[in-house]
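Have a look at the structure below before the remarks.
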Amino acid sequence: MWPTKFKNGLLFALNGINNWVDPWWWIVASILLFAIALLRPVPLTLMAENRSFSDHLSVYTRRVVLALILGVVLILPLLLYVLFGVLSNDNPQLTSEIFKDWAWDMTSSYFGLPIAALIVGFSGRLIWDRYGLPWWSNFARQYRVKQREDKPADARDYAAKMQPKTFDPEKYFVPGMVFYGLDSLAKPIYLAWRVFVEVHHAIIGPTRYGKGVELGVLFTQAIRAGCAAFYIDPKGDDNMPYILQNEAKKAGRPFVYLDLNAEGKGNWHPFKGGTARSRRSRIIRALGLASGGTDADVYKSNERALLDEALAKTDGSVKQLFDYVKRATEKGALSTLRDTLAEWVSVSTFTPPSKKKGHSIEESLKNGAVVYVRGSINDPVIKLATRVYISELISEIPRLNSLRPCHVTVGIDELKFLASEEIATALATIAGARCNLLLCAQSLANLESPDDHTIRGDSLVSEFVVNTQVKLLYKAADRETAEFAEKNSGTQWLRTAKMEKLETNTHGGEQWGSSRTLESTEHAVISSNVMLNLPPRVAAGYLPSMLPTIIYTAWVSVDKSFSSWAANPQVSDDNSVATEAALPDEKTSHETQDVRATRSYADE
């Protein structure tokens, strides 16, 4: 028999445990079961490669929880049962039945708690392994302290980052420098003025992507620096005429708006300007009368002889040439010269009234004028006339070099439609005659099939690429242009991630491994990915003595409150340079231009 005092102590302890068990044993047991289900029962030992603090913590926590489960969930009920038996007096069987009834009453009330704890614990572990751990692994990988690493060009990144910038280009204009745009850090990109006047420009990109934007910026600076400016536009631009007119007015320079289309503003004699030899050459090329090594050469020879007679006995105007050739050819006889001149006569722009002198390229060059010429890519006659205009301009620039007061900047849009042998030759020679060209095209592939079939496309592209030292490439319209931009941008060595391990846990969730491999690889400075995804007004710039870079461009301010080409009583219909001089005193204005131009070139 147990001593009474000891027995009373056991009874007191048993009573206290009984009071605690209902319901706390079930709550503690459920918490422990939830914890072990959430933590996983295994492993209970560390692998050699798993020595992080979290690994140690999870293993030791797992051991403690299992020990508590062993003590609280298993040993404590057994201890209670033993104490009931020890403290039973006369009827152990009755005591056992009482214990069982008491245990069953609690079980029937609380059995759902440990089951729910196990279900929630295992579900939580499943959700964490499948979704939580991958998220945490990615988060930790993103914000961990990494070694320096470069990233190759990704089209998705560039499409999101390289959005057009809005700014006022005039704020960045600096004397002696030419501003092109801003780089990715919003820093201005310049080219020295002395370099600008010596190099030709290739501006390539689809329609509405920014070629005209950059032309406006460059022409504005060229005119302010004292240059004469000619822009030949075969499509018609909404802003460029206003930009040129406004800058000419500010600079006190003559401005000419010449629309070659029928009933267009202004007049021009295509075959009266320049030397006799250049006039003859222009007509022969325009009318396709040059010998081509075919049976038609005899016929063309007769046509050229007739042309020589007409030039000798007329003033070279389209109307007089046509009248003479018409009289000299037999009725019904075939004559390319006559039929082509007949088409030109039908365009009022080329047949001004006798009292109107019409636009003179020679006078414009001598006066340092700003000239906007509008052509057409749809009308074959106007398109051919635009080529003739360019041919005369290119031949007159070097001829009048000693008589011109200033440098000339010539812009030509849509080169595919206006390309000629004169332009290809000028790219290699005209820079020495104080002239630089700004040539625009939609793509290199576009240039390979010029509208003039007498020109070899591959030869034109070669001249275009080799002799344009400044290149601005907007969004590539074809793979060829994109690859050209990539190839000519040069390469750089980037340290990039070669391999990074992914591990899959037991519930199908992926986790980043703890190690990765870096390697040095060669990549283009500007990749084809970048070129194919450039937004409007963002270009890849290739400037002398500079690494290729992305250039953000923006419009110069445009004042459209006045246009000399619209109906205006202050402007003469003949659109001549003399009548459109912006200064009231023509002699004074020319002298001022001469002084300004001399100062400009002395500064170079």
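The values are calculated or read from the model by the stated rules, or taken from the named source; none is laboratory data. Predicted model, so just to flag it, every value in this text is computed and none were measured. Cβ sites come from the backbone with ideal geometry, for glycine too, and all protein chains shown count toward neighbours.
Listing for the model above:
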item	result
Residue check for residue 57: in a helix (DSSP H, G or I), aliphatic (A, V, I, L, M) and farther than 30 Å from residue 107 by Cα	yes
Matching option when the condition is modelled with pLDDT of 75 or more and over 30 Å from residue 513 (Cα atoms), among 115, 127, 98	115
Candidate set: segment 150-163, residues that are loosely packed, with under 15 Cβ neighbours inside 10 Å and outside any helix (DSSP H, G or I); chosen: the one modelled with the highest pLDDT	163
Every residue from segment 484-537 that is of a type outside the set (A, V, I, L, M), in a strand (DSSP E or B) and within 25 Å of residue 548 (Cβ to Cβ)	491, 492, 493, 495, 496, 519, 520, 521, 522, 523
Count of residues meeting criterion [among the hydroxyl-bearing types (Ser, Thr, Tyr) and either in the same structural domain as residue 35 (by TED's automatic domain parsing) or touching a His at 6+ places or on another chain (Cβ under 6 Å) (or both)] in segment 111-146	0
Failed condition for residue 331, given (1) modelled with pLDDT under 90; (2) under 30 Å from residue 438 (Cα atoms)	(2)
Matching residues in segment 351-369 - criterion: being outside any loop (DSSP other than H, G, I, E, B) and out of contact with any His (no Cβ under 9 Å at 6 or more places or on another chain)	361, 362, 363, 364, 365
Top-ranked residue in segment 461-496 [being surrounded by fewer than 17 Cβ atoms within 10 Å (Cβ to Cβ) and of a type in the set (A, V, I, L, M, F, W, C); ranked as farthest from residue 430 (Cα to Cα)]	494
Cβ-Cβ under 8 Å pairs, at least 6 apart or on other chains, segment 473-491 side free of Cβ contacts under 8 Å to residues at least 40 places away in the same chain, far side aromatic (Phe, Trp, Tyr)	none
Residue ID - modelled with the lowest pLDDT, chosen from residues in segment 46-84 that are out of contact with any Leu (no Cβ under 8 Å at 6 or more places or on another chain) and of a type in the set (Val, Ile, Thr)	82
Helices (runs of 4 or more DSSP H) lying entirely in segment 173-265 (those with 3 or more residues that are surrounded by 20 or more Cβ atoms within 10 Å (Cβ to Cβ))	211-224, 240-251
Condition met for residue 203 (among the β-branched types (Val, Ile, Thr) and over 19 Å from residue 171 (Cβ atoms))	yes
Residues within segment 370-394 that are of a type outside the set (Val, Ile, Thr) and closer than 13 Å to residue 266 by Cβ, tallied	5
Failed criterion for residue 275 (all others in (1) surrounded by 12 or more Cβ atoms within 10 Å (Cβ to Cβ); (2) within 51 Å of the chain's Cα centre (by Cα) hold)	(1)
Matching entry among 402, 443, 395 (being farther than 14 Å from residue 460 by Cα, in contact (Cβ under 8 Å) with a residue 12 or more places away in the chain and surrounded by fewer than 24 Cβ atoms within 10 Å (Cβ to Cβ))	395
Sole residue being under 21 Å from residue 340 (Cα atoms), β-branched (Val, Ile, Thr) and surrounded by 18 or more Cβ atoms within 10 Å (Cβ to Cβ), chosen from 430, 382, 423	382
Some residue of segment 289-298 being of a type outside the set (S, T, N, Q) and crowded, with 19+ Cβ neighbours inside 10 Å	yes
Residues located in segment 266-312, provided they are touching a residue at least 40 places away in the same chain (Cβ under 8 Å), outside any helix (DSSP H, G or I) and either touching a Leu at 6+ places or on another chain (Cβ under 8 Å) or polar (S, T, N, Q) (or both)	266, 267, 268, 271, 275, 289
